Amino acid sequence: LELAIAGVQQLVPYVPGKPVEELQRELGIAEVIKLASNENPLGTGAKVAAAIQATLPELTRYPDGSGFALKAALSAKLKVAPEQITLGNGSSEILELVMRTFVTPELEVVFSQHAFALYPILTQAVGAKAKVVPAKSYGHDLTAMRKQIGPQTRLVFIANPNNPTGTLLDKDELEKFIASLPAHVLCVLDEAYYEFVDPAVRTESLAWPIRYPNLIIARTFSKAYGLAGLRIGYGISSPDIADLLNRVRQPFNCSMLALAAAEAALGDSDYLNQTVALNSAGMAQLTEAFKELDLPWIPSSGNFVSVDVKQAALPIYEALLRKGVIVRPVANYEMPKHLRVSIGTERENAIFINALREVLSGV
Ligand code: PMP
């Protein structure tokens, strides 16, 4: 144990939820629904399934380590140069690559209170110092974050929308913040939920890494594109930063199935549109129920919503679990009275609402 670097020794192990099948057996109930990991409730799209099927005979080969075809497809769709793209094993790997490429133990990393849980873990794993800035109405307080940036700061994480709060930053304020960063500070703009954001208010951020060369945008195929199980995401940055990240990453970090599926998913606009429409309808369904139950919630731009159950949320989470509904307690995000619920299908949402109503009324 003592051979591990200091930050790693202090890491708290990640405790994953029980598999749905295991829970089903344990509880002896026919159906367990999982609204806990901000996954896509639509299931695998037909175009993705066909692309995977077509790839199966090739599995004895290594994947294309440069991700040529997927980068070409992303480049055409997003209007960025292929040299600006880094492909990752989930966008989590992009975040990790940035840490490993740029952050050493004597440096600081700045992020917000209630921000995505991977930021403190990655910071601790490299042994760097985390500067956690108090949130404003559950969202990032960019003015306060800017004030925390000093000579030792190397990286700022911004999640927009943020998980688990769903909060979205004003696009002009965000651009002003990025423009104000000193040359020795990098910024990761984590846009894992970008596709769910109303086009009227979302940032046209992909043009920014050329204007602001210290910016790295992270996006994923795990959420709106429905490929969480395959692990594939990407970074968009200046070509210089992408070159560094691509030197650090493992040569075959993205599997052949993931590359093929992501390319197919990118071309399946029907699936994406259906996902976004289902999400808006589901968000309305849940928030109407919260209103009726007199529970406050944090307005969310993602595919999940955090609801204030007005009491310790852990027992409510456990009672929901016994009824076969898995949601996410967020006490480790300093939100002990909130539960984060991912938007499911209309039916899954209704099952959750019903279970929540029963639990709150002691049934
Ligand atoms: N960023 C945020 C804000 C997230 O919520 C998640 C997933 N929970 C990720 C990044 C990482 O997702 P993935 O590695 O599946 O791309």
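The values are calculated or read from the model by the stated rules, or taken from the named source; none is laboratory data. Worth saying up front: this structure is predicted, and the values here are computed from it rather than measured. Neighbour counts run over all protein chains shown; Cβ positions are idealised from the backbone, glycine included.
Laid out as a table, the results:
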| read-out | value |
| --- | --- |
| Number of the exception - residue 198 against (1) within 12 Å of the ligand (Cβ to nearest atom); (2) in a loop (DSSP other than H, G, I, E, B) | (1) |
| Residue count, segment 312-350 (criterion: assigned to a helix (DSSP H, G or I) and of a type in the set (A, V, I, L, M, F, W, C)) | 8 |
| Hits in segment 1-18 - residues which are assigned to a helix (DSSP H, G or I) and over 30 Å from residue 100 (Cα atoms) | none |
| Matching residues, segment 211-227, being within 8 Å of the ligand (Cβ to nearest atom) and assigned to a loop (DSSP other than H, G, I, E, B) | 221, 222, 223 |
| Condition met for residue 71 (in contact with a strand residue (DSSP E or B) (Cβ under 7 Å, 6 or more places away or on another chain) and outside the structural domain of residue 350 (by TED's automatic domain parsing)) | yes |
| Residue selected from segment 149-175 under the condition part of a loop (DSSP other than H, G, I, E, B) and surrounded by fewer than 17 Cβ atoms within 10 Å (Cβ to Cβ), by the criterion farthest from the ligand (Cβ to nearest atom) | 151 |
| Residues of segment 162-191 satisfying the condition of being within 16 Å of residue 95 (Cβ to Cβ) and touching a Gly at 6+ places or on another chain (Cβ under 8 Å) | 162, 163 |
| Extreme residue, farthest from the chain's Cα centre (by Cα), among residues of segment 80-100 that are closer than 22 Å to residue 229 by Cβ and among the small types (Gly, Ala, Ser) | 88 |
| Unique match (being outside the structural domain of residue 302 (by TED's automatic domain parsing) and within 29 Å of residue 7 (Cβ to Cβ)) among 168, 181 | 181 |
| Count of residues meeting criterion [surrounded by fewer than 11 Cβ atoms within 10 Å (Cβ to Cβ), under 27 Å from the mean Cα position of the chain (by Cα) and farther than 26 Å from residue 346 by Cβ] in segment 7-35 | 5 |
| Qualifying positions in segment 228-283 - closer than 19 Å to residue 66 by Cβ, within 16 Å of the ligand (Cβ to nearest atom) and outside any loop (DSSP other than H, G, I, E, B) | 230, 233, 234, 235, 236, 245, 257, 258, 259, 261, 262, 266 |
| Out of 349, 253, 303, sole residue that is out of contact with any Asp or Glu (no Cβ under 6 Å at 6 or more places or on another chain) and more than 26 Å from residue 198 (Cα to Cα) | 253 |
| Some residue of segment 112-134 being surrounded by 24 or more Cβ atoms within 10 Å (Cβ to Cβ), part of a strand (DSSP E or B) and either without any contact (Cβ under 8 Å) to a residue 60 or more places away in the chain or more than 14 Å from the ligand (Cβ to nearest atom) (or both) | yes |
| Residue that is of a type in the set (Gly, Ala, Ser) and either closer than 17 Å to residue 218 by Cβ or within 16 Å of the ligand (Cβ to nearest atom) (or both), where the choices are 183, 144, 192 | 192 |
| Every pair of residues 6+ apart whose Cβ atoms lie under 9 Å, when the first sits in segment 316-332 and is farther than 11 Å from residue 17 by Cβ while the second is of a type in the set (Asp, Glu) | 319/358; 323/358; 324/31; 325/348 |
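Table: residues versus (1) free of Cβ contacts under 8 Å to residues at least 24 places away in the same chain; (2) surrounded by 20 or more Cβ atoms within 10 Å (Cβ to Cβ).
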position: 37; (1), (2): no, no
position: 44; (1), (2): no, no
position: 52; (1), (2): no, no
position: 57; (1), (2): yes, no
position: 75; (1), (2): yes, no
position: 82; (1), (2): yes, no
position: 87; (1), (2): no, yes
